[in-house]
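*Asks:* My questions will all concern the structure given below.
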Amino acid sequence: MDIEREIFKRGKINCQKLGSYGFIQENNIYHFSKEFMKNFRADITIDLDGNVSGKVYDLKTNLEYTNFRIADLTGFAYQVREEYILILKDIAKNVLDLKYFVFDQANRIANLIWEKYKIYPEFLWDKYPGYGIFRNKRSNKWFGIILNVDKSKMIHNLTGEVEIINFKLDDKVLDYIQHDGIYPAYHMNKKAWVSIILDDALTDEEIMEMVDISYELANLSGCWIIPANPKYYDVFQAFSKCDVITWHQDIKAIDGDFVYIYLTKPYQAILFECKVIEANIPTVNTTFLMKLKLLKKYDEDEFPISKLKKYGVKAVRSARSVPKALAEELQK
C-alpha cells in the first residue's frame, strides 16, 4: 500500500518549507523522524524530485514494522497505520504547495477558501477523483463543489475539459444568473445553486463574493456564552496580563467563533467578548482547551442577566450557544 504517494500526490514539495518543518538535509535527501504511540518511530525521507518514502520502526526491537501496510487491516496494525497517516498528512499540509485541481483559477479559489475559512476540499469519490467539495466545519453542509466536466455541459456548442464551481445562493439565484459567466447549476438544484466556469471570465474577487454567501447559508451560529465564577478565577487579572488566555473547552467551538464570558455573582453580567483563535487543544487526559483573544470589555450594566432574559437566556449555569438576536446586539 503506497500511503505516501496517495497523501502527497496533490501538491509539489517546497524544499524551503522542509527545513522550517524540521527536516534535515543530507546531500540530496531530506530526513525527518518522529516518535508516536510511545513505542514507534516514523522515518520520512524526501528527495529533490519530491519522492516521499517512509519506514516505521518498533523502538522495543529496533526492527522495521511493516504490518500496517497490509490492506483491509483491523486491530493494532490499523491503529499504527492511522497514526502514521496523521504524521504524513501534517507534513503534507505544511511542506506542500498544494495543487488540488487542473486549472489555475480552480487552485486559486481553493487556496483563497483555505486562507479565509481554513477549509480544504474533500475528494469523496474514487470514480470522480477531480470532484472536490467544500464543507462547513460546524454544520457539515456543503457550500461549494469544484468539478471537472466537458464544457458542453455548460455551453452546448463548445467542448473540452473545464473545471466549474457550484455555489448555493438560494433566493439570490435569479439576481446572479443574469450576469455573464454564471449558469444554472450543473447536477444541482437550479433553484438554489449556480455554476461558474473557472476560466478567469469572472475575477477571483467576484467568485469569492459568492463563496461567502454560500458559506453563510451553510453556517450555524458560532457564538457562545461561558460562565466564570470570580471567586475561583480572576478574569480581569488574567486579561490585564495578556489579551489571550487559555480556557477549558466544553463547547463545540471552532477557530473564529465568538465567546462571551458571563461573570456570576456579584456581577451577573456578560463582561467580555472574545474570539476563539485556537480550539480543541488536547490535554493529557480526554479534555480539550481553547485559546481566547479579548476583543471587547462591556460595562456591568450593558448585558446584565435581566437583559439576557429578554433574549431567552434565563440563567447561565453552563456553557451554551447565544440566541441570534442577542448575538447581533452583542456585536453592535
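*Asks:* Evaluate the charge dipole of the chain about its Cα centre and quote only its size in Debye, nearest 20, assuming +1 on the Cβ of each Lys and Arg and -1 on the Cβ of each Asp and Glu.
*Replies:* 1440
*Asks:* Could you work out how much longer the chain between N140 and T264 gets when fully extended? Use 0.36 nm per residue separation minus the Cα distance between them, nm to one decimal.
*Replies:* 41.2 nm
*Asks:* Whose amide H sits under 5 Å from the amide H of S139, counting only residues 5 or more places off or on another chain, with H placed in the peptide plane?
*Replies:* L220
*Asks:* Going down the table (K141/K168; K17/K99; K116/K191; K34/K60; K12/K141), which pairs top 18 Å between alpha carbons?
*Replies:* K116/K191; K12/K141
*Asks:* Where a ≥ b ≥ c are the square roots of the eigenvalues of the C-alpha gyration tensor, would you call the range 104-217 rounded, which needs a/c under 1.5, or, failing that, prolate if a/b is larger than b/c, or oblate?
*Replies:* Rounded.
*Asks:* Under a point spin-label approximation (7 Å from Cα along Cα-to-Cβ), what is the Y128-K231 distance to one decimal in nm?
*Replies:* Calculated label separation equals 5.9 nm.
*Asks:* Please give every one of the lysines within straight-line cross-link reach of K309, meaning a C-alpha to C-alpha distance under 26 Å, and leave out same-chain neighbours fewer than 8 residues apart.
*Replies:* K231, K252, K265, K275, K296, K297, K324, K332
*Asks:* Another question, if that's okay. What ³J(HN,Hα) values, in whole Hz, does the Karplus curve 6.51 cos²θ - 1.76 cosθ + 1.60 give for the range 284-299 when θ = phi - 60°, with x put for Gly and Pro?
*Replies:* In residue order, the calculated couplings are 5, 9, 8, 8, 10, 10, 9, 9, 10, 9, 5, 10, 7, 10, 9, 6 Hz.
*Asks:* Same structure again: Compute the length gained on full extension between S33 and I277: take 0.36 nm times their separation in residues and subtract their Cα-Cα distance, giving the result in nm to one decimal.
*Replies:* Full extension of this stretch gives 84.9 nm more.
*Asks:* Express the relative contact order of the chain as a whole percentage, based on alpha carbon pairs under 8 Å and six or more residues apart in sequence.
*Replies:* For the chain, the relative contact order is 10 percent.
*Asks:* Let me ask another. Could you point to the label whose value was computed as Cα extents along the principal axes in Å for the structure here, given (i) 66, 45, 32; (ii) 58, 45, 44; (iii) 65, 64, 37?
*Replies:* So the calculated entry is the one marked (iii).
*Asks:* A further question on this structure: Can you compute the FRET efficiency between D90 and K191 using 1/(1 + (r/R0)^6), with r the Cβ-Cβ distance and R0 = 30 Å? Round to the nearest 0.05.
*Replies:* Between D90 and K191 the formula returns 0.15.
*Asks:* So for the range 194-332, averaging the separation of alpha carbon pairs under 8 Å that are six or more residues apart and normalising by length, what relative contact order in percent results?
*Replies:* 24
*Asks:* If you average the alpha carbon positions of the range 254-271 and of the range 11-25, how far apart do those two centres end up, in angstrom?
*Replies:* 42
Every number here is computed from the coordinates shown, using simple stated rules; none is lab data. In this text the structure is predicted, and so the values were computed from the model without any measurement. Cβ atoms come from the backbone with ideal geometry, glycine included; neighbour counts cover every protein chain shown.
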